[in-house]
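The values are calculated or read from the model by the stated rules, or taken from the named source; none is laboratory data. Everything numeric in this text was worked out from a predicted model, so none of it was measured. Using ideal geometry, Cβ is built from the backbone for each residue, glycine included, and neighbour counts are taken over all protein chains shown.
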Amino acid sequence: MAAHRLLANGANTDHPVPGLPFVDDTHLGAGPPPAATAPRPTRTPDPECAGLVWIVHAHPHLGRTVLLYEAGPDGTGPWDWQSDWPLVSRAGGYWWDGTRWHRPSQLWDEAAGAFEQQPVPAAATVTAADLLDDPLADAGRGHLHRAAALTGESAAVDTAQWRHDLARWAAHRTTADGQLPPESCVVTLTAPELTGDQLIGTTALAATASISASALRAYISRGQGAVPEPQAIVAGRPMWSRPVAENWAAHRRRPAAARWPAHRDRPVLPAGAEQIRRRLDPVLFAALWDDPERRARWALRHRTPDAVRDVAADLAHLVADRLQDTPPAQALAEVLTQAALANFTAGDARSPSVDQVLGWLTQHHPHAAEQTVTAIAEQAALRFGIPRSDTTHLLRTDASAAPPAPEDPRRAAA
């Protein structure tokens, strides 16, 4: 669940979030959207209040969103790690693509390399024009705040006052050029699956995922388990739509991708790969955590050194395991066999090059190494009359090699 509090709408936003106050954002400028879509939203610290950050996301045809966030204690926020930032997101992650509404992105499609897109059946968009049709909405009673006057506890406003605030926002926009008309300004959505009688609470969400309610609450409090954002808060209690709950349960049931082994699923590595893993583990941790610039790009508020160390360990195991696939082990074994037999033909019982390559093969591909030793011993017995046991003992003894000393992780990660 999200760790960064969304506090307010900017006065120049095109798509106001319902229930949040409007705040003066004149220092950001209110020019027209860019001609091309920006790859990521831009952020600007509030000039009057440390710890508050403005996020502006502009689209050349769909307008812009201007939102005020409370930043994390280290200055990080959702804009630092989210790979795909929708222009309009409501109801705990339901997002709008300019035409249709989609459910929150939860299920990863390995073949497509992207999250599955699930359009919301019978979804309808609620625009600012729909809400401004209320005869009780009075712009004179609306408020436009300064960012420094807001707190996380007092930011939200009740429905009646928000209609007045929306009317003042609309009146403010009549003098601005290049802004969307109210009928094109998205406020929220309605859908059958988001009606009150279709939402479920913590106990039902836990049951859907086959875990206890206490385990779910622990996940939420610790920021673990990829628990989805609630679609609504009713009487102080989080509520989720059934499709979101089922997608979360399906996500938990899916096996980890082969290229990303979780620590509980890591197979035992061959000795050489295990040496690589031990060397890479501290190197990757230093690269992910000790570099302030790199760390700020993805670390969330609830992430800790131990959590990042787990990720580094997974990455180290992944790299060490996949490095085994790089050299053609079988072809290398055949070449090694021919080289060893050529040495015997020349009268050399020992060859540093053969010893070194066989030592590497023994550490990284022990099964292929064993087959190689057997093949060399058999051919040496047939061609030169050398007892198989003597050749086998010689090759196995010389194949043992001490692993190199690990590098300093901070120097290697630099």
Sort through ARG278, ARG294, ARG259 and tell me the only one that's at pLDDT below 75, outside any loop (DSSP other than H, G, I, E, B) and not polar (S, T, N, Q).
ARG294
Index of the failed condition, ASP348 passing every other in (1) of a type in the set (Asp, Glu); (2) at pLDDT 65 or above; (3) assigned to a helix (DSSP H, G or I):
(3)
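Among the residues of region 188-203, which ones are in contact with a strand residue (DSSP E or B) (Cβ under 8 Å, 6 or more places away or on another chain) and surrounded by fewer than 20 Cβ atoms within 10 Å (Cβ to Cβ)? Steps first, answer last, please.
Applying the first criterion (in contact with a strand residue (DSSP E or B) (Cβ under 8 Å, 6 or more places away or on another chain)) to region 188-203 yields 188-191, 193-194, 196, 198-202.
LEU189, THR190, ALA191, GLU193, GLY196, GLN198, ILE200, GLY201, THR202, listed by residue number.
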Which numbered condition in (1) surrounded by 19 or more Cβ atoms within 10 Å (Cβ to Cβ); (2) in contact (Cβ under 8 Å) with a residue 12 or more places away in the chain; (3) within 25 Å of the chain's Cα centre (by Cα) is the only one that GLN179 fails?
(3)
Name the pairs whose Cβ atoms lie under 7 Å apart, with the first residue in region 56-72 and assigned by TED's automatic domain parsing to the domain that holds PRO18, the second of a type in the set (Asp, Glu), and 6 or more positions between them or separate chains?
GLY63/ASP14; ARG64/ASP14; THR65/ASP14; VAL66/ASP25
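Could you check region 179-250 for strands (runs of 3 or more DSSP E) lying wholly inside it with 1 or more residues that are at pLDDT 90 or above and of a type in the set (S, T, N, Q)?
Numbers: elements: 186-190, 232-234, 237-241.
The qualifying strands (runs of 3 or more DSSP E) are 186-190, 237-241.
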Given (1) of a type outside the set (Asp, Glu); (2) in a helix (DSSP H, G or I); (3) at pLDDT 75 or above; (4) surrounded by 18 or more Cβ atoms within 10 Å (Cβ to Cβ), TRP289 misses just (3)
If I ask for residues that are more than 12 Å from PRO243 (Cβ to Cβ) and assigned to a loop (DSSP other than H, G, I, E, B), which ones from region 95-115 would you list?
ASP97, GLY98, THR99, ARG100, SER105, GLU110, ALA111, ALA112, GLY113
Any idea which residue in region 351-391 is surrounded by the fewest Cβ atoms within 10 Å (Cβ to Cβ), counting only those that are more than 22 Å from GLY272 (Cα to Cα) and of a type in the set (Ser, Thr, Tyr)?
SER389
Return the residues of region 116-152 that are outside any strand (DSSP E or B), modelled with pLDDT of 90 or more, exposed (fewer than 14 other Cβ atoms within 10 Å of the Cβ) and hydrophobic (A, V, I, L, M, F, W, C); say none if nothing qualifies.
ALA122
Hey, any hits in region 153-174 for a residue that's in contact (Cβ under 8 Å) with a residue 12 or more places away in the chain, touching a His at 6+ places or on another chain (Cβ under 6 Å) and either among the basic types (Lys, Arg) or part of a loop (DSSP other than H, G, I, E, B) (or both)?
no
From the residues in region 51-90 that are under 14 Å from LEU7 (Cα atoms) and part of a loop (DSSP other than H, G, I, E, B), which one is modelled with the lowest pLDDT?
GLY77
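Does GLN231 satisfy the condition of being polar (S, T, N, Q) and touching a Pro at 6+ places or on another chain (Cβ under 8 Å)?
Numbers: polar (S, T, N, Q): yes; touching a Pro at 6+ places or on another chain (Cβ under 8 Å): no.
The answer is no for GLN231.
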